[in-house]
Amino acid sequence: MSKRPGGKSILANFGSFSQPEAAAADAAASDEQKPSTPSQPLARVGAGVIGATQRSLSELREERDSLRALVDAGGGSEIDPKLIDPSPFPDRLPDDSDADFEALKKLILEEGQKVPIQVRRHPIAEGRFQVVYGHRRWRAASDLGIKVKATILALSDSELVVAQGIENAARQDLSWIERALFAWRMDEAGIKARDIRAALSIDDPELARLRSVCRMLPVDVIETIGRAPKVGRPRWVALASVVSEDEAALGRVRKTLSDDKVLQRPSDDRFKLALAAVKKPAARPRSQVEIRSPAGKVVGKVTFSSGDIRFAVSTDHAPAFSAFVEDELPALLEKFFAREGEG
């Protein structure tokens with residue numbers, strides 16, 4: 001995500017709990033670069049960051065300013081983007097348009113990368129790194145074929161997701177369903193509930209709602225719909241509830257989303273079409289039509305109701321009429337499906 005030149009992410013606060021590897025020694029040696037800290041050091045990253053998420057925004061800003069020098073000291077590393085992997089906990093769905101990303105690439109090409117990304121050393125692949133945050137800047141550097149400026153932090157999985165959450169809270173641009181997917185992926189990886197709450201700055205009831213949607217609605221369907229930034233919790237919960245209660249509803253949603261024309265529309269529109277697909281059509285009232293001969297004599301009737309059509313013909317005409325319908329039915333069905341575009 002591009003940021004204004006000279007701006008700082010709220011994740012700068014994270015520097016007080018996990019010093020950048022490249023600057024730890026220098027920061028410790030320089031009194032001018034030391035932020036004012038409590039006399040009792042914080043024992044572990046997770047507890048400190050969870051506490052930070054509970055403070056007021058003004059307190060976070062004050063702490064950010066006091067830590068700015070420390071974080072700046074660790075931002076000088078330049079890494080080949082090919083040695084970096086994305087976060088193991090994706091928190092974003094593709095945008096509907098690449099325009100913003102292309103603008104970011106152009107800005108970096110013309111003015112350089114102003115703000116370093118945050119990475120950690122890969123826990124199982126020697127010599128590689130994983131993005132903590134700054135995926136778009138990493139992708140831009142990769143596309144441009146240049147090295148990416150990065151601050152290297154030593155973080156566990158729990159600390160990584162909390163760090164991502166703090167950064168996203170600063171930007172406040174994750175859609176509701178992206179937050180739900182982020183929570184689901186953390187659950188799948190065994191991240192503790194308290195760390196998920198801290199990463200997303202939410203309480204237990206909201207975490208339960210995020211989890212419930214991903215349990216009821218298949219993740220591939222969510223990903224096909226997309227981030228839907230204008231769609232909030234109530235409509236996602238409504239869609240998931242109908243799909244969980246009606247086995248046929250999911251099939252209707254998948255059929256709707258398989259249409260190329262639908263996939264080309266913005267994600268908010270895709271959601272609207274998916275929601276419309278799960279709504280059951282209004283039951284057609286039962287109705288009857290008389291069958292008359294050319295002379296106007298009533299010889300039977302046909303009854304129409306939801307999913308049911310019944311003919312009742314007088315005994316004088318029933319055998320011949322049945323044979324006629326049987327002969328004409330293939331041509332009639334062919335005409336019907338041609339009209340419906342399924343021929």
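The values are calculated or read from the model by the stated rules, or taken from the named source; none is laboratory data. This one's a predicted model, so the numbers in the text were calculated from it and none came from an experiment. Backbone-built Cβ (ideal geometry, glycine too); neighbour counts: all protein chains shown.
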Item to complete: Consider only pairs whose beta carbons are under 6 Å apart and that are at least six residues apart or on different chains; among these, list those whose first residue lies in segment 114-125 and is more than 13 Å from Ser156 (Cβ to Cβ) and whose second residue is in a strand (DSSP E or B) and hydroxyl-bearing (Ser, Thr, Tyr).
Response: Pro116/Thr151; Gln118/Tyr133; Gln118/Thr151
Worksheet item: For residues in segment 288-315 being at pLDDT 85 or above and among the charged types (D, E, K, R), which is nearest to the chain's Cα centre (by Cα)?
Response: Arg310
Worksheet, complete the sentence: Here the residues within segment 135-159 that are of a type in the set (A, V, I, L, M) and within 14 Å of Leu83 (Cα to Cα) are Ala141, Ile146, Val148, Ala150, Ile152
Discussion item. Taking the conditions exactly as written (polar (S, T, N, Q), out of contact with any strand residue (DSSP E or B) (no Cβ under 6 Å at 6 or more places or on another chain) and more than 21 Å from Leu275 (Cα to Cα)), does Ser201 satisfy them or not?
Written reply: yes
Worksheet item: Can you tell me which of Arg265, Arg227 is free of Cβ contacts under 8 Å to residues at least 24 places away in the same chain and basic (Lys, Arg)?
Response: Arg265
Discussion item. Whether any residue in segment 127-143 is at pLDDT 90 or above, charged (D, E, K, R) and not in a helix (DSSP H, G or I) is what I want to check.
Written reply: yes
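Inside segment 81-106, can you point out the residues that are in a helix (DSSP H, G or I), modelled with pLDDT under 85 and small (Gly, Ala, Ser)?
Within segment 81-106, the first condition is being in a helix (DSSP H, G or I), and the residues that meet it are 81-83, 99-106.
Among the residues that remain, those that are also modelled with pLDDT under 85 are: 99-101.
Within segment 81-106, Ala99 is the sole residue that qualifies.
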